[in-house]
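A quick write-up on the structure given underneath.
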Amino acid sequence: VPNLQGPRYISPAPNGAFVVSEECGDVKVFTSSRKLLCSLSSKYGHRFGNPAGVCVDLEGSILVADEQRRTVHLFPEHGAPVCLVSAGLRRPVGVACSSFGHLFVADAGENCVKVFKYRVRPP
């Protein structure tokens, strides 16, 4: 996949697609055939500081840790982005989500992993 601006983190997505965070401040989604599907900043009108870790949950929503803004946002397939974590992070660099609705955030600023629940209903 050429023409990325400082690729940082990557995550698989449904149907062979994948998500890549870029150091320049964007997150891009590609199809299984490596074609650009969308840019999250363009699709949602969202401004990233320094996007780092990315993951995709069971519903196909994309979760992004923003190292500079110290937040984690959820980008659903349809609808507006949701800020899941806006406080308590010093340097979020990695994210992962479980099938039980848990969000794991690697916080390099505090040398730990923080666990959050972000979905009320069970899978």
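Go through the residues of the stretch 61-68 one by one and say whether even a single one is in contact with a His (Cβ under 6 Å, 6 or more places away or on another chain) and under 18 Å from Leu4 (Cα atoms). Looking through the stretch 61-68, at least one residue is in contact with a His (Cβ under 6 Å, 6 or more places away or on another chain) and under 18 Å from Leu4 (Cα atoms).
Looking only at residues in the stretch 1-18 that are open to solvent by 90 Å² or more (accessible area, probe 1.4 Å) and modelled with pLDDT of 95 or more, which one is farthest from His73 (Cα to Cα)?
Per the stated criteria, the residue is Pro12.
Could you tell me whether Pro14 is over 18 Å from Val115 (Cβ atoms) and more than 14 Å from the chain's Cα centre (by Cα)? It is true that Pro14 is over 18 Å from Val115 (Cβ atoms) and more than 14 Å from the chain's Cα centre (by Cα).
Within the stretch 51-67, being among the aliphatic types (A, V, I, L, M), part of a strand (DSSP E or B) and either at pLDDT below 95 or within 21 Å of Thr31 (Cβ to Cβ) (or both) holds for Val54, Val56, Ile62, Leu63, Val64.
A single member of Val113, Val72 is surrounded by fewer than 18 Cβ atoms within 10 Å (Cβ to Cβ), assigned to a strand (DSSP E or B) and at pLDDT 95 or above, and it is Val113. A count restricted to the stretch 22-50 and to residues that are not hydroxyl-bearing (Ser, Thr, Tyr) and not in a loop (DSSP other than H, G, I, E, B) stands at 11.
Scanning the stretch 87-101 for residues that are closer than 16 Å to Asn50 by Cβ and surrounded by fewer than 16 Cβ atoms within 10 Å (Cβ to Cβ) yields one hit, Arg90.
Selection within the stretch 1-21: residues that are assigned to a loop (DSSP other than H, G, I, E, B) and of a type in the set (S, T, N, Q). The member of this set that is farthest from Asp57 (Cα to Cα) is Asn3.
Phe104 falls short of the stated requirement of being surrounded by fewer than 18 Cβ atoms within 10 Å (Cβ to Cβ), more than 26 Å from Gly6 (Cβ to Cβ) and aromatic (Phe, Trp, Tyr).
Look at the stretch 19-44 and say how many of its residues are at pLDDT below 95 and either more than 13 Å from Val64 (Cα to Cα) or open to solvent by 70 Å² or more (accessible area, probe 1.4 Å) (or both). Matching residues across the stretch 19-44 total 2. Filtering the stretch 82-110 to residues that are among the aromatic types (Phe, Trp, Tyr) and either touching a helix residue (DSSP H, G or I) at 6+ places or on another chain (Cβ under 7 Å) or part of a loop (DSSP other than H, G, I, E, B) (or both) leaves only Phe100.
The values are calculated or read from the model by the stated rules, or taken from the named source; none is laboratory data. A quick note: this is a predicted structure, and the numbers were derived from the prediction, not measured. Here Cβ is always computed from backbone atoms with ideal geometry, including for glycine, and neighbour counts include all displayed protein chains. Calculation scope for accessible area: heavy atoms of the full protein, side chains included, ligands and nucleic acids excluded. Shrake-Rupley method; radii C 1.70, N 1.55, O 1.52, S 1.80 Å.
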